[in-house]
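What follows draws every value from the coordinates through simple rules; no lab data is involved. Computed from a prediction, not measured in an experiment: that's the story for all the values here. In this analysis, Cβ positions are derived from the backbone assuming ideal geometry, glycine residues included, and neighbour counts consider all displayed protein chains.
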Amino acid sequence: MKKRVSIKDIAEKVGVSTALVSYVLNGKEREARVGEEIAGKVRKVAAEMNYQPNLIARGLKFGRTNTIGLIVADISNPFFATLARSIELEAQKNGYTVLFGSSDEQLDKSQNLINTFLNRQVDGLIITPVAGSQSQIEELKKKGVKFVLMDRGFKDVETNVVVTDNHEAMYSAVKLLTEKGYRKIGMIAYDTPLTHMQDRIQGYKDALRNAGTRFKSEWLKKVPYLDYKEHVADAIAQMLKKGDELDALVFATNSISVQALKVIHARGIKVPDDLRIISFDESDTFEFFYATITYIKQNLNEISEKAVQLLIKNINATAPKTAKVIVPSSIVLGQSSK
């Protein structure tokens, strides 16, 4: 394995002290009154030797690495990929580099990523927490780690969190259907205690109640994150039995929506003639469906920007305070909800 080039190596080649090289590479040559000519030579030699700073060592010395650890559920999901890209851009504007990782909604992977990022001396974390990870989050608080939860959180833990107004978003979607006269409206959601899903479910129920419709338990199906595809198919089969057809279905995520649309199409159910559809979040797959899909559009850029800004504010604060930032969403109308 090739030896890492050190500040000492550069100093020996240029013929100056390691302290001088350190000043130059950290952008402090003016403070140390290093001449432009020698500073330029140091930077040139560093580039020629392919010098890469040791961020962990730098973090131990200066207390900062200017890196952020980002843990999302699944980076291959377009929703999280878009969030991650926006976070990366906002972090770059503020002089930070982002390290990425996917928890796949699994506790052990979440903990491993947290440990890995902390071992790399990141200045803070932005986390999409998984179900059951409340103890992990409480441990971070206990250790004084700077972090922001994004997209979801825990009702019993006070933390920095940036989320969509999930209750209002789903309430508005169901209200859109009830105002058109539809009353038998079903919902498929993930089976999780996390706040984002619970708020969406409650928004659905509240919209039905306020429209004068009594909620029926068989109208709501909760599916596990793992193997959700086959469970979505089973849920639709149960919900669309002959003689008890629903007027509409709302889906709590885009991944559920995509799978549900496949099943609905395979069963010969026409959208919107036989069944009205609304999705929480969009998907590129919607473009291939014969009817345009009505969906709840989250403001991903604002969520990302607020998460990064809140984290950096806490990193720089001597006495950081927790804050809950709620970002509004909108509904993009398509043919599926007519």
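Return one number: the angle in degrees, 0 to 90 and rounded to the nearest 10, between the long axis of the Cα atoms of helix 78-93 and the longest principal axis of the Cα atoms of the chain.
Roughly 30 degrees, rounded to the nearest 10.
Want the number for residue 230 to residue 118: 0.36 nm per residue separation, take away the alpha-carbon distance, what's left?
So the chain would gain 36.6 nm between residue 230 and residue 118.
Angle between the Cα long axis of helix 166-178 and the longest principal axis of the chain, 0 to 90 degrees, nearest 10?
Tilt of helix 166-178: around 30 degrees.
Neighbouring Cβ atoms within 10 Å as the yardstick, rank 85, 200 fewest first.
85, 200
Place a label point 7 angstrom from the Cα of residue 333 along the Cα-to-Cβ direction, then list the residues of the range 252-277 whose backbone nitrogen is under 17 Å away.
Of the residues in the range 252-277, 272-273, 276-277 have backbone N under 17 Å from the label point off residue 333.
Is the range 211-338 best put as rounded, prolate or oblate by its Cα gyration tensor, with a ≥ b ≥ c the root eigenvalues, rounded for a/c under 1.5, and otherwise prolate when a/b is larger than b/c, oblate when not?
prolate
Roughly how many debye, to the nearest 20, is the charge dipole of the range 7-53 about its Cα centre, given +1 on each Lys and Arg Cβ, -1 on each Asp and Glu Cβ, and no other charges?
Rounded to the nearest 20 debye, it is 60 debye.
Could you list 152, 209, 64, 33 in order of exposure, starting from the residue whose Cβ has the fewest other Cβ atoms within 10 Å?
33, 209, 64, 152
Reachable lysines from residue 8, Cα under 19 Å, same-chain residues fewer than 8 places away excluded?
28, 41, 44, 61
Any idea what the dipole of the chain comes to, in debye rounded to 20, about its Cα centre with Lys/Arg Cβ at +1 and Asp/Glu Cβ at -1?
720
What's the extension gain from residue 237 to residue 262 if we count 0.36 nm per residue and subtract their Cα-Cα distance?
7.7 nm
Label-point separation (nm) for residue 138 and residue 108, each offset 7 Å from Cα along Cα-to-Cβ?
2.3
Considering only DSSP states other than H, G, I, E and B, which chymotrypsin sites (Phe, Trp or Tyr not before Pro) in the range 156-211 qualify as loop sites with at most 14 other Cβ atoms within 10 Å?
Listed in order of number, the matching sites amount to none.
Going Cα to Cα from residue 338, which aspartates and glutamates come in below 15 Å? Please leave out same-chain ones fewer than 8 positions away.
In chain and number order, the partners are 179, 247, 273, 274.
Go through 195, 263, 228 and say which Cα lies farthest out towards the positive end of the charge dipole of the chain; charges sit on Cβ, +1 for Lys and Arg, -1 for Asp and Glu.
Of 195, 263, 228, it is 195.
Residues with beta-carbon under 12 Å from that of residue 258, excluding residue 258: net charge, scoring Lys, Arg +1 and Asp, Glu -1?
Result for the local shell: -2.
How far is helix 134-143 tilted, in degrees, relative to the longest principal axis of the Cα atoms in the chain, given as a value from 0 to 90 rounded to the nearest 10?
The answer is roughly 30 degrees.
Per DSSP H run of n ≥ 4, the term is -39500 (n - 2.57); total these for the chain, divide by its residue number, and report the mean residue ellipticity at 222 nm rounded to 500 deg cm²/dmol.
Result for the chain: -13500 deg cm²/dmol, rounded to the nearest 500.
Within the range 214-303, report the chymotrypsin sites (Phe, Trp or Tyr not before Pro) that DSSP leaves as loop and that have at most 12 other Cβ atoms within 10 Å.
290
Strictly over 20 Å apart at the Cα level, which of 216/262; 146/297; 109/297; 184/241 would you flag in this model?
In this structure, 216/262; 146/297; 109/297 lie more than 20 Å apart at Cα.
Report the one residue of 51, 335, 22 whose Cα lies farthest in the direction of the positive end of the charge dipole of the chain (charges on C-beta: Lys and Arg +1, Asp and Glu -1; origin at the Cα centre).
Comparing the listed Cα positions along the dipole, 22 ranks first.
If exposed means no more than 16 neighbouring beta carbons inside 10 Å and the site is in a DSSP loop, what's the longest run of the chain without any exposed GluC sites (Glu not before Pro)?
For GluC sites (Glu not before Pro) (loop position, at most 16 other Cβ atoms within 10 Å), the longest site-free span of the chain is 32-157.
Using alpha carbon centroids, what distance separates the range 81-101 and the range 141-173, in Å?
19
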